[in-house]
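The values are calculated or read from the model by the stated rules, or taken from the named source; none is laboratory data. Predicted, not measured: the structure shown is a model, and the values here were computed from it. Note that each Cβ is placed from the backbone with ideal geometry, even for glycine, and that neighbours are counted across all protein chains shown.
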Amino acid sequence: MRFRPFGSTARDVAIIGQGSWRMDERNRASSVSALRRGLDAGMTHIDTAEMYGDAEPIVGQAIAGRRDEVFLVSKVLPHNASRAGTIVACERSLARLGTDRLDCYLLHWRGSYPLEETIAGFEQLVQHGKILSWGVSNFDEEDLDEALAIAGSGRIACNQVLYHLDERAIEHAVIPWCDRNDVAVVGYSPFGSGDFPAPSSPGGRVLAEIAAAHGASVRQVALAALARHAFVIPKASSPDHAIDNAGAGDLLLDEAAFARLDAAFPLGRKPRSLPMI
Ligand SMILES: NC(=O)c1ccc[n+]([C@@H]2O[C@H](COP(=O)([O-])OP(=O)(O)OC[C@H]3O[C@@H](n4cnc5c(N)ncnc54)[C@H](OP(=O)(O)O)[C@@H]3O)[C@@H](O)[C@H]2O)c1
C-alpha cells in the first residue's frame, strides 16, 4: 500500500481507503470482516458519516482494539452544522464509533448555516482534541475560495468529491484548486456506487486488457487510475472485494495505460455545477 501526505495535515495516508455507506444491520458481519481485512491489507483510511445510520457503529466494531492504525473520518450533516450543532454531532459520532477522536471531520455538503459557524465549530473541536483536522465535501472551487477566506491557509485538510472513470468533472478546476492550496482530494464512489463499466462495454474491454497486461483486476486498474490524482475510498461489504481493492495500492500503471484510459473514459466538458450523489 502506498501512502501520501494528506493535504496540510502532517499525516501520510493510504491512497486506497474504505467507504462505509450502506453498511447496515443486514450486512454487519460481512462488513466488519471486510473492514478488518481491508485494514490488514493497509487500507487504513476509513470514511463514514452520521448520515450513514448504522455504519458508524459497524465501523466502531471493526476498529475496536485497532484505533491507532486508522485514519478515521466522519461527517456532519449540513442541517446540524451550526457552531454548537457541529460539536454535538461530533460527540454523537464519537460515541457511535467508540473512540475519543476523529482524524478528520467533514461538512458533508453545503447547507444553510453560514460556513463561518461550521468552521468555528470545527476549530473548537480541534482545540479540545476531539478532531485532529477538518475538511469539506462536495465543494466546488467557489465554495473552496469562501472556506479558505474564512479559515486561512493550512486549515482545510481535504475536499471529498465524486470521482470515478465516467465522472471526472473535478479534474477541470477542483483538483487544480486543491493542489495549489495543499488540500487533499478524496474521491468518493470510485466504482460509480455500483454502476461499474460492464465487461462488454468499450471501456470495460479496455479495463480488462490493461488489467491482463498488469496481472491485476479491472477494479484495481480503475482505482489505480483515480489514485493518480486523489485518495480513493471504495466501499466493500464483501471481504473478497476489500482484498481486491487493497491490491490497487501497489499497482503502478504506465503512461501508455493512462493514455488508453483517458481515451476510453473521456474527461468531457466542465459542468455548470459540481456533480454529487
Ligand atoms: N461525501 C459524500 O457525499 C459521499 C457520497 C457517496 C459516497 N461517499 C463515500 O464513498 C464511499 C464509496 O462510495 P459508494 O459506497 O457510493 O460506492 P463505490 O465504492 O463506488 O461502490 C460500492 C459497490 O462496489 C462493490 N464493490 C466494491 N469493491 C468491489 C470489487 N473489488 N469487486 C466488485 N465489486 C466491488 C460493492 O459491493 P459489496 O459492498 O457487496 O462488497 C458495492 O456494491 C461510500 O461508502 C462513502 O463512505 C461519500
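Which of the following residues is in contact with a strand residue (DSSP E or B) (Cβ under 6 Å, 6 or more places away or on another chain), within 14 Å of the ligand (Cβ to nearest atom) and either over 23 Å from K270 (Cβ atoms) or assigned to a helix (DSSP H, G or I) (or both): I170, I175?
Going through I170, I175 in turn, the sole match is I170.
Of everything in the range 189-205 that's within 13 Å of the ligand (Cβ to nearest atom) and part of a loop (DSSP other than H, G, I, E, B), which residue is farthest from the chain's Cα centre (by Cα)?
Restricting to residues being within 13 Å of the ligand (Cβ to nearest atom) and part of a loop (DSSP other than H, G, I, E, B), the top hit is P199.
Please pick out the residue among A225, A212, A157, A208 that is in a strand (DSSP E or B), more than 11 Å from the ligand (Cβ to nearest atom) and at pLDDT 95 or above.
A157
Please name all residue pairs, on different chains or six or more residues apart, with Cβ atoms under 9 Å, provided the first residue is in the range 228-241 and is of a type in the set (F, W, Y) and the second residue is within 11 Å of the ligand (Cβ to nearest atom).
Taking only residues 6 or more apart or on different chains, the pairs are F231/I16; F231/G17; F231/H45; F231/C158; F231/Q160; F231/V186; F231/G187.
Is it the case, given these coordinates, that F231 is more than 18 Å from the chain's Cα centre (by Cα) and at pLDDT 95 or above?
Against the criterion (more than 18 Å from the chain's Cα centre (by Cα) and at pLDDT 95 or above), F231 does not qualify.
All but one of (1) more than 16 Å from the ligand (Cβ to nearest atom); (2) of a type outside the set (S, T, Y); (3) surrounded by 15 or more Cβ atoms within 10 Å (Cβ to Cβ) hold for V185; state the number of the condition that does not hold.
(1)
Farther than 19 Å from N159 by Cβ, over 20 Å from the mean Cα position of the chain (by Cα) and modelled with pLDDT of 95 or more: is that true of A246 in this structure?
In short, no.
Of the residues C104, C90, only one is away from the ligand (no atom under 16 Å from the Cβ), under 17 Å from C158 (Cβ atoms) and surrounded by 19 or more Cβ atoms within 10 Å (Cβ to Cβ); which?
Matching residue, one of C104, C90: C90.
Looking at D54, D103, which one is acidic (D, E) and within 18 Å of the chain's Cα centre (by Cα)?
Residue meeting the stated conditions: D103.
Among (1) over 19 Å from V232 (Cα atoms); (2) of a type in the set (D, E); (3) buried (at least 18 other Cβ atoms within 10 Å of the Cβ), there is one condition D47 misses while meeting the rest; what is its number?
(1)
Do any residues in the range 257-277 that are over 19 Å from S189 (Cβ atoms) have Cβ atoms under 6 Å from those of residues that are hydrophobic (A, V, I, L, M, F, W, C) and within 16 Å of the ligand (Cβ to nearest atom), where the two are at least six apart or on different chains, and which pairs are they?
Every condition considered, the pairs that remain are A257/I210.
Hey, among the residues in the range 237-277 that are touching a strand residue (DSSP E or B) at 6+ places or on another chain (Cβ under 8 Å) and in a loop (DSSP other than H, G, I, E, B), which one's nearest to D140 (Cα to Cα)?
If we take residues in the range 237-277 being touching a strand residue (DSSP E or B) at 6+ places or on another chain (Cβ under 8 Å) and in a loop (DSSP other than H, G, I, E, B), then L274 is nearest to D140 (Cα to Cα).
State all residues of the range 107-121 that are buried (at least 21 other Cβ atoms within 10 Å of the Cβ) and away from the ligand (no atom under 16 Å from the Cβ); if no residue qualifies, say none.
Answer for the range 107-121, where residues must be buried (at least 21 other Cβ atoms within 10 Å of the Cβ) and away from the ligand (no atom under 16 Å from the Cβ): I119, G121.
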